[in-house]
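*Asks:* This structure is in structure tokens; I'll ask about it shortly.
The values are calculated or read from the model by the stated rules, or taken from the named source; none is laboratory data. The model shown is predicted, which means the values in this text are computed figures rather than measured ones. Counting neighbours? That spans all protein chains shown, and the Cβs are built from the backbone with ideal geometry, glycine included. To get the accessible areas, we keep the full protein, side chains included, count just its heavy atoms, and leave off ligands, DNA and RNA. Shrake-Rupley method; radii C 1.70, N 1.55, O 1.52, S 1.80 Å.
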Amino acid sequence: MQPQQQNKPLGEQHEMSFIDHLEALRWHIIRAAISVVVFATGAFFAKDFLFHDLILGPSRPDFWTYRMFCKFGQWVHAPDLCIDKIGFVIQNREMSGQLTMHISTSFIVGILLAFPYLFWEIWRFVKPGLYPHERQNSQGAVFFVSILFIMGLLFGYYIAAPLSINFLAGYVVDASIENQIDMQSYLSTLTTMSVSCAFVFELPMIVFFLAKAGIVSPEIMQTYRKHAIVVILIIAAVITPPDISAQIIVTIPILLLYELSIHIARVVRRGDAARLNAKLARQAERDAAQQ
């Protein structure tokens, strides 16, 4: 779709051909790719901060999360909560491993940083094809999707990932076996924990759109709450190691998000009912005027 047409109401846009749609999609993809390259390039040149402070932060006992656990342990008189040692050594076992890891990590960070813009480009492509009431119903979608993604990413990085890394680093089957972890394995664990939480935190927005489409209702979510709890426990078990405390810490916010989603579905139901009643009232007034 041409730029001047994207801002027009649906009724003022002429019907686009399949080739026009492909052309519009191509430019959205190009702009999205450029944003990823820009952020990835910035991350590549910020190597010291990217690896020493960001990537390798959870591998050191002075990481913010571990320090907060120590303070909390002192407050509740539970010194075992204090993490003052991380029991593993990170190694690189390939000649080009560090260079490859530097490039791939920069690219991953570029995608994560550009995610709000990527979603905005997708939304710009989809929005012109929506009806006016669908646009009205989805106002603020980019903002809320981005906020939930960032919150989930931060939760995964500061809570889920450090707990997983600490548990796996301290788990030994025999004292004679030393944990020498490959850098790619460490990076995979950190990325999986963080990105998984980022997408799990999108649950309220998913429920919002499903409720708008009439697929999900608050009654259904309440009826299947027990089943949802089981699924949430499974999800928490998958994205965290077999450590009860870590699973509980991850499960609690997901349960809260589920309860928030029920409230969102209820608000959507009330809003739809109010609009329907208003429409029926206006129709009744017009019928009465005609008589």
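*Asks:* Take the stretch 69-78 and flag every residue that is open to solvent by 100 Å² or more (accessible area, probe 1.4 Å) and either touching a residue at least 40 places away in the same chain (Cβ under 8 Å) or more than 31 Å from the chain's Cα centre (by Cα) (or both).
*Replies:* The answer is Q74, W75, H77.
*Asks:* Another question, then. Restricting the search to the stretch 169-182, which residues are open to solvent by less than 80 Å² (accessible area, probe 1.4 Å) and either within 17 Å of Y158 (Cα to Cα) or of a type in the set (D, E, K, R) (or both)?
*Replies:* A169, D174, D182
*Asks:* Return the pairs, sorted by first residue and then second, in which the second residue is at pLDDT below 75 and open to solvent by 70 Å² or more (accessible area, probe 1.4 Å), the first residue lies in the stretch 126-137 and is farther than 23 Å from R26 by Cβ, the beta carbons are less than 9 Å apart, and the residues are 6+ apart or on different chains.
*Replies:* P132/G11; H133/R275
*Asks:* Does A228 satisfy the condition of being open to solvent by less than 60 Å² (accessible area, probe 1.4 Å), within 27 Å of Y157 (Cβ to Cβ) and assigned to a helix (DSSP H, G or I)?
*Replies:* yes
*Asks:* If you don't mind, another one. Checking H28 against (1) more than 29 Å from P162 (Cα to Cα); (2) surrounded by fewer than 14 Cβ atoms within 10 Å (Cβ to Cβ), which single condition isn't satisfied?
*Replies:* (2)
*Asks:* Out of the residues in the stretch 93-117 meeting the condition of being open to solvent by less than 40 Å² (accessible area, probe 1.4 Å) and of a type in the set (A, V, I, L, M), tell me which one is nearest to F209 (Cα to Cα).
*Replies:* Going through the qualifying residues, I end up with A114.
*Asks:* Is there a residue being within 26 Å of the chain's Cα centre (by Cα), under 22 Å from F49 (Cβ atoms) and assigned to a helix (DSSP H, G or I) anywhere in the stretch 117-128?
*Replies:* Among the residues of the stretch 117-128, at least one is within 26 Å of the chain's Cα centre (by Cα), under 22 Å from F49 (Cβ atoms) and assigned to a helix (DSSP H, G or I), which makes the answer yes.
*Asks:* I've got another one for you. For the stretch 138-155, how many residues are polar (S, T, N, Q) and open to solvent by 40 Å² or more (accessible area, probe 1.4 Å)?
*Replies:* 1
*Asks:* From the list I55, I90, I122, exactly one residue is at pLDDT 80 or above and open to solvent by 60 Å² or more (accessible area, probe 1.4 Å). Which is it?
*Replies:* I122
*Asks:* Starting from residues that are in contact with a helix residue (DSSP H, G or I) (Cβ under 9 Å, 6 or more places away or on another chain) and assigned to a loop (DSSP other than H, G, I, E, B), keep the ones in the stretch 187-214 and report whichever is nearest to N137 (Cα to Cα).
*Replies:* Filtering first and then ranking leaves G214.
*Asks:* Also, I was wondering about something else. Go through S185, S194 for me and flag whichever is surrounded by fewer than 14 Cβ atoms within 10 Å (Cβ to Cβ) and within 29 Å of T100 (Cα to Cα).
*Replies:* Criteria check complete, one pass: S185.
*Asks:* Within the stretch 69-89, is there a residue that is part of a helix (DSSP H, G or I) and touching a His at 6+ places or on another chain (Cβ under 6 Å)?
*Replies:* no
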